[in-house]
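For reference, the structure is listed below as structure tokens.
What follows is calculated from the coordinates using simple rules that are stated; it is not laboratory data. These figures come from a predicted structure and were not determined experimentally. Cβ sites come from the backbone with ideal geometry, for glycine too, and all protein chains shown count toward neighbours.
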Amino acid sequence: MTGAREQPGADPEARLVAPSRSGARGPEVAAVEQRLVFGEVAEQYDQARPSYPDALFDTVIEHGGLAPGDAALEIGAGTGKATRGFVGRGIAVHALEPSPGMAAVLRGHGIDVEETTFEDWPARPGAFRLVFAAQAWHWVQGADRYEKAASALAPGGTIALFWNQGREWTGDMGADNDAAYAEHAPHLVGGRHFDLDRELDELAAVPSLTGVSKRVITWEQRYSTAEWVTMLGTHSDHRILPEEQRARLHAAVGDVIERHGGFVDFVYDVNCYLATRV
Ligand SMILES: C[S@@+](CC[C@H](N)C(=O)[O-])C[C@H]1O[C@@H](n2cnc3c(N)ncnc32)[C@H](O)[C@@H]1O
């Protein structure tokens with residue numbers, strides 16, 4: 001089964017724009033439209049999307065030698081699922097988020113946010129000890145995006161780009177889920193896997209960064225049928241389906257889960273890419 005296709009797995013948001021994050025990514029206008037759909041379902045996103053495990057935050061903080069009060073820049077904060085992990089550890093996060101709907105939910109969590117894309121953000125060279133993006137860096141465009149992120153770091157600062165990557169469902173449940181997609185959204189069958197490890201090369205190519213590494217942190221979350229379907233509705237490749245088609249697909253996926261026990265134990269690997277500003 002190809003669980004990653006419809007899930008937070010291989011980052012389905014990236015799927016329809018996956019051809020490249022380094023310039024050759026499909027029609028730019030399509031990417032822009034798809035990346036802005038999150039605001040339509042900001043509350044649902046906040047409720048249904050997975051967060052990140054404690055070990056992820058601890059790993060990044062240890063890598064950066066960060067202490068309470070240190071300044072961090074977050075790119076694409078959304079509703080703050082990663083923001084809160086760092087803020088809760090005393091890090092002073094400056095959050096960037098272009099979607100007004102997502103930003104409103106983030107503010108509701110008591111976190112200030114600058115409503116802008118990273119591309120439009122006026123750079124603040126050397127201002128941060130940490131620059132991070134959670135499930136968001138693939139939306140950032142522009143050939144200079146790595147250099148711009150690195151330049152926001154003080155010497156010795158850390159850049160951390162991470163994604164929850166869900167493991168594929170297996171067995172009969174996986175096969176049944178594939179059949180549901182084949183019937184209701186065949187273009188999503190199999191998905192388009194996001195080659196996250198490209199980050200290793202992209203980061204290594206930035207002259208002002210050194211010590212590129214990858215950490216993988218595995219964790220698991222149980223979803224009820226309703227929770228799973230609600231989460232699917234926050235994924236951009238599902239959001240851009242016509243409403244009736246989306247409803248049929250979600251009903252079919254819900255039926256699959258119900259037939260197989262009424263819950264999903266979903267395994268995530270957080271893929272975290274780290275580098276240090278020279
Ligand atoms: C999948 S969500 C991730 C949100 C949050 N970081 C999380 O982990 O749940 C991607 C976020 O990136 C934002 N985004 C899209 N394009 C962006 C850009 N060019 N610069 C900054 N953020 C962007 C979207 O509005 C959305 O909130």
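A Cα-only calculation for segment 225-278 places Rg and Dmax at 15.9, 54 Å. What number results when the radius of gyration of segment 55-209, computed over Cα atoms, is divided by 2.2 N^0.38 Å? Cα Rg divided by the expected 2.2 N^0.38 Å: 1.18.
Translational diffusion of segment 184-278, estimated by Stokes-Einstein from the Kirkwood radius over alpha carbon pairs at 4 °C in a medium of 1.567 mPa s, is 80 µm² per second.
Computed from Cα atoms, the angle from the helix 54-64 axis to the main principal axis of the chain rounds to 30 degrees. Computed on the Cα atoms alone, the convex hull of the chain gives a volume of 112 cubic angstrom per residue.
Computed from Cα atoms, the angle from the helix 243-259 axis to the main principal axis of the chain rounds to 80 degrees.
Electrostatic tally near residue 183: other residues with Cβ closer than 12 Å to its Cβ, Lys and Arg +1, Asp and Glu -1, net -2. The residues neighbouring residue 156, those whose beta-carbon lies less than 13 Å from its own, together hold a net charge of +1 under the Lys/Arg +1, Asp/Glu -1 convention. The three principal axes of the C-alpha atoms in segment 45-134 carry coordinate ranges of 33, 32, 19 Å, sorted with the longest axis first. What relative contact order, as a whole-number percentage, does segment 61-154 give when Cα pairs under 8 Å and 6 or more residues apart are counted? So the answer I get is 31 percent.
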